[in-house]
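Below is one structure; the comments refer to it alone.
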Amino acid sequence: MAETKAAGEPVQLIDMVFPGDSNHHGTLFGGVALAHMDKVAFLAASRHGRAPFVTAASDKIDFAAPARAGDMVEVTGRVVRVGTSSLDVEVELVAEAPVSGERRLCTRGRFTLAAVKGPETRLPLPPLVEAAAGPEGWLRMAEMVFPSQTNHYGTLYGGDALKMMGKAAFIASTRHARAVMVMAASDRIDFVSPIRQGEMVELAARVAMTGRSSVRVDVELWAENLLDGERRHAATARFTMVSVDANGRALMFGGGDR
């Protein structure tokens, strides 16, 4: 199963701020924030230009608000200028409190990426086009497969794929319920295509059913070759996520015991 993506789409990465990513003030390290932003800029540039890119420069980046441990960070990149062999990507980083839904714009920056000239690089780069609207109801988030996440065949470990899918289910269920959510179960998961080192992973998640204290979340995992745009459906899973109190007991949405 393959499809071609239109150029110019925003690329979004969503992650959690864990204690290891925060300083002694309990806020996200600036370097970690910049790494997220640069990764998203690279993915947006590669998806648009279908060429090997490197970061050439970034504008001044001012941090207006902190992202705290336990927050979600949503990083979105959009191509805003295209030249012959380089382009600019505007990236925003927004912090979101999982339960209250309060959102804060932490920083915004512009990254310039240049295409590495070689036999696989087609210049000039394609022109900028307006992005088409995607299907509603799906949470979409991107990741990249690095060498440390692959086995001796150069493909993504199944455990790392499950980690990505579980995180997507957690974020989708938390945004839906605005409650403390934990994973209660996962249905059978079939892996139908390998994901190779250097490919982009796109996760699509949506809430399929809501109960008194739990939700079921469907998650699709897609692999995308950043040079030719080929996309492959790699896996599908369904997770049951449950709302819990501070003692781990299931709660009905709204705060009552189950």
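Rule-based calculations on the coordinates, nothing more; no lab input. The shown structure was predicted, so the numbers you read here are calculated from the model rather than taken from an experiment. Note that we place each Cβ from the backbone using ideal geometry, even for glycine, and neighbour counts take in every protein chain shown.
Of note:
- Taking N as the residue count of segment 1-132, its C-alpha radius of gyration divided by 2.2 N^0.38 Å amounts to 1.14.
- Take the Cβ atoms of residue 60 and residue 25, set R0 to 25 Å, and the FRET efficiency comes out at 0.65.
- With both labels modelled 7 Å from their Cα along Cα-to-Cβ, the residue 104 to residue 130 distance reads 3.5 nm.
- Remark: segment 1-132 carries a charge dipole of roughly 380 debye about the Cα centre, counting +1 on each Lys and Arg Cβ and -1 on each Asp and Glu Cβ.
- Packing rank of 162-168, 244-250, where each peptide gets the mean count of other beta carbons within 10 Å, highest leading: 162-168, 244-250
- Using the empirical formula 2.2 N^0.38 Å as the baseline, the Cα radius of gyration of the chain reaches a ratio of 1.04.
- Segment 79-89 - phi-based ³J(HN,Hα) in whole Hz, Karplus 6.51/-1.76/1.60, Gly and Pro as x: 6, 10, 8, 10, x, 5, 10, 9, 8, 10, 10
- Computed from phi, the 3J(HN,Hα) profile of segment 178-187 under the Karplus parametrisation 6.51, -1.76, 1.60 (θ = phi - 60°) reads 6, 8, 6, 10, 10, 7, 9, 6, 10, 6 Hz, with x in place of Gly and Pro.
- Annotation for segment 98-183: GluC sites (Glu not before Pro) lying in DSSP loop with at most 13 further Cβ atoms inside 10 Å of their Cβ are 102, 120, 130, 136.
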